[in-house]
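The values are calculated or read from the model by the stated rules, or taken from the named source; none is laboratory data. Computed from a prediction, not measured in an experiment: that's the story for all the values here. Every residue, glycine as well, gets a Cβ built from its backbone with ideal geometry; the counts of neighbours run over all protein chains shown. All accessible areas refer to the heavy atoms of the entire protein, side chains included, with ligands and DNA or RNA removed. Shrake-Rupley method; radii C 1.70, N 1.55, O 1.52, S 1.80 Å.
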Amino acid sequence: ACGAERIAVAHHADDQAETVLLHLLRGSGLDGLCGMAPRRGDIIRPLLMVTKAELAAYASARDLPVCHDETNDSRRYSRNRIRLDLLPQLQAYNPAITADLNRLADIVRADEAFLDDVLPEDVPALDKKRLLAQPLAMQRRLIRRLWQEATGSRQDLPFHYVETIRDLAAKGAGKQFQCGRACAYTTRTALCLGPAVPRRGRQG
């Protein structure tokens, strides 16, 4: 409505550290350790390399008003417990933990971008023999790309789903596995993903 080309959000370095830890504690793969991207579509995060303390000092020096969300003080939410409890404890072991977690996100994000570039853009199906001949890391990445193509989702596929689908590639035709919004199945030569098969309702 106002003619803007980008939406700038206020996530900062401490938010990034919390995000990486949150994903790590949930058992995320490399995709989760990337944290928040500096830019995704029309969303940009220009403050991602600035800490909360630096932002507070900047605002204080210039007498700028600061808003405080009271829900951030509640330990009801996992992210808040990481912010209020876990990160302070980790800082006792490593005072630079926030910077180190941000650096980890930068490193993993660069690696992920490179590995994604070497994958084919369109993956309608995977030849089973060729898939199993790939290094293990590439097998898992190809399966995630296949799932993303089938569902249109950028959400990471849980690890146990990836491994179950990978096991299908070693089996004959007619095997299948329901994985969220998609169904993995095998033909004689290929591993495919299609729309999830609707479950039949109980007959009264």
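Of the conditions (1) among the aliphatic types (A, V, I, L, M); (2) in a helix (DSSP H, G or I); (3) closer than 27 Å to PHE159 by Cα, ALA92 clears all except one; give me its number. With respect to (1) among the aliphatic types (A, V, I, L, M); (2) in a helix (DSSP H, G or I); (3) closer than 27 Å to PHE159 by Cα, ALA92 is out only on (3). For the subset of segment 163-179 comprising residues that are touching a residue at least 24 places away in the same chain (Cβ under 8 Å) and either aromatic (Phe, Trp, Tyr) or surrounded by 14 or more Cβ atoms within 10 Å (Cβ to Cβ) (or both), which member is farthest from LEU24 (Cα to Cα)? My answer is ALA169. Have a look at VAL66, VAL50 and point out the one that is part of a loop (DSSP other than H, G, I, E, B), within 17 Å of ARG103 (Cα to Cα) and touching a helix residue (DSSP H, G or I) at 6+ places or on another chain (Cβ under 9 Å). Of VAL66, VAL50, the one residue that is part of a loop (DSSP other than H, G, I, E, B), within 17 Å of ARG103 (Cα to Cα) and touching a helix residue (DSSP H, G or I) at 6+ places or on another chain (Cβ under 9 Å) is VAL50.
Is at least one residue of segment 184-202 in contact with a helix residue (DSSP H, G or I) (Cβ under 9 Å, 6 or more places away or on another chain) and under 30 Å from GLN16 (Cα atoms)? Looking for residues that are in contact with a helix residue (DSSP H, G or I) (Cβ under 9 Å, 6 or more places away or on another chain) and under 30 Å from GLN16 (Cα atoms), one finds none in segment 184-202, hence no. Looking only at residues of segment 131-162 that are more than 24 Å from ALA37 (Cα to Cα) and in contact with a strand residue (DSSP E or B) (Cβ under 8 Å, 6 or more places away or on another chain), we find that the one that is least open to solvent (accessible area, probe 1.4 Å) is LEU131. Restricting attention to segment 157-204, the residues that are of a type in the set (D, E, K, R) and at pLDDT below 90 total 4.
For VAL50, the conditions (1) of a type in the set (A, V, I, L, M, F, W, C); (2) at pLDDT 95 or above; (3) within 14 Å of LEU87 (Cβ to Cβ) are fulfilled apart from (3). Criterion applied to THR19, THR51 was being under 21 Å from ARG79 (Cα atoms), open to solvent by less than 50 Å² (accessible area, probe 1.4 Å) and over 14 Å from the mean Cα position of the chain (by Cα), and the one residue passing it is THR51.
Pairing each residue of segment 82-103 that is open to solvent by 50 Å² or more (accessible area, probe 1.4 Å) with any residue that is of a type in the set (D, E, K, R) and not in a loop (DSSP other than H, G, I, E, B), provided the two are 6+ apart or on different chains, yields C-beta distances under 6 Å for ARG83/GLU18. Filtering segment 109-124 for residues that are surrounded by 14 or more Cβ atoms within 10 Å (Cβ to Cβ), in contact (Cβ under 8 Å) with a residue 60 or more places away in the chain and within 16 Å of the chain's Cα centre (by Cα) leaves a non-empty set. Restricting segment 22-48 to residues that are open to solvent by 90 Å² or more (accessible area, probe 1.4 Å) and of a type in the set (D, E, K, R), the residue that is farthest from the chain's Cα centre (by Cα) is ARG39. Against the conditions (1) closer than 21 Å to LEU33 by Cα; (2) surrounded by fewer than 12 Cβ atoms within 10 Å (Cβ to Cβ); (3) of a type in the set (Lys, Arg), ARG188 satisfies every one except (1).
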